[in-house]
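Q: One structure, as structure tokens, below. Some questions next.
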């Protein structure tokens, strides 16, 4: 018998056997329902996308907890980012980094730092009454294992609405036992300088949420100390008194860069490209290059308020700017 004849005979034998089984079972195999025909009631329901809202790591003797106040999908990044560039130029950069050209997601990440003596909160998100998906800080603090009453220091990196919105609740100050810290130049601008039309809404928010706390507020200059191990550094440009904060504990360092760079690709890889919300665009670009140049040179991690959550990463020099490298397990060791 040839190999071809053997193969055909074997195939016919298997087909015949299957037919016999089907007939013997009264057509059971032919009538058995498929998985797709099962009752819809038995199918698991779709639960929707979900991302973690807290992330905690140690920095020497400090515990650092980024908290996701929320995320806002929208059109862009252009012309919010790369305002002085064409859509085509920004789109080319986004495509090269596997990002869509006309949509992006903005994240908002306050940070809690437990020093062992103080519980320090950096920025307060949008607060109550925020658009859907935002203003989640209170829930995140509880999820992290704390209460608002335990916060002893609130640091405001600058006074834009998405950083001060959570200062006040329906019954007064959200953080009843805290003292407050912000840059002297920042506070003076919003309270003593008549802002232009573009900034008028922000000035109203400062008047409502920040000024009532002024008696409990410390106003820092460049190099000022929040508590031991946390130091302010001038990073002007995004706003007139915008500050970043350097943390150091047990020989380890971390920079909280606030809004120095607000898009992990466009603002870092092209630090000279203008950002709509930067008050002084030339100063903001110079600050981006200086701050992230220092972070890259010192090879330290940073947390950016608008970086993709959990907003912790590193940068390395690349071309005219920097490449963002998200943290993985470095801070777990």
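Each reported figure results from applying straightforward, stated rules to the coordinates on display, with no laboratory input. Just so we're clear, the structure is a prediction, and the values are computed from it rather than from any experiment. Every residue, glycine among them, receives a Cβ derived from its backbone with ideal geometry; neighbour counts consider all protein chains shown.
Q: Hey, with R₀ at 25 Å, roughly what FRET efficiency would residue 191 and residue 225 work out to, going by the Cβ-Cβ distance, to 0.05?
A: The calculated FRET efficiency here is 0.60.
Q: Turning to a different aspect of this structure: What FRET efficiency do you get for residue 176 and residue 71 if R0 is 30 Å and r is their Cβ-Cβ distance, rounded to the nearest 0.05?
A: 0.60
Q: Report the relative contact order of segment 232-333, percent, no decimals, based on alpha-carbon pairs under 8 angstrom and at least 6 residues apart.
A: Result for segment 232-333 is 27 percent.
Q: In nm, to one decimal, how far is the modelled label at residue 329 from the one at residue 289, with both set 7 Å along Cα→Cβ?
A: Simple spin-label model gives 3.9 nm for this pair.
Q: If I take every Cα pair under 8 Å that is 6 or more residues apart in the chain, average their sequence separation and divide by the length, what percent do I get for the relative contact order?
A: Answer for the chain is 15 percent.
Q: Take peptides 108-119, 151-162 and line them up by average Cβ neighbours within 10 Å, highest first, as a rough protection proxy.
A: 151-162, 108-119
Q: At what distance in angstrom do the alpha carbon centres of segment 293-308 and segment 212-253 lie from each other?
A: Cα centroid to Cα centroid, the span is 16 Å.
Q: Which of rounded, prolate, oblate describes segment 239-333, given a ≥ b ≥ c as roots of the alpha-carbon gyration tensor eigenvalues and a/c under 1.5 marking rounded, otherwise prolate only if a/b is larger than b/c?
A: Note, shape of segment 239-333 comes out prolate.
Q: Can you run the Rg to Rh ratio on segment 165-233? Use alpha carbon positions and the Kirkwood inverse-distance Rh.
A: Across segment 165-233, the Cα-based Rg/Rh ratio is 1.00.
Q: So how many Å³ per residue does the convex hull of the Cα atoms of segment 57-332 work out to? Provide the component values of the computation, followed by the final result.
A: Details: hull volume 34.3 nm³, N = 276.
About 124 Å³ per residue, rounded to a whole number.
Q: Only helical DSSP H runs with n ≥ 4 go in: add -39500 (n - 2.57) per run for the chain, normalise by residue count and round the 222 nm mean residue ellipticity to 500 deg cm²/dmol. If you can, show how the numbers build up before the last one.
A: Details: 9 runs with 88 residues, N = 333.
So the helix-based figure for the chain works out to -7500 deg cm²/dmol.
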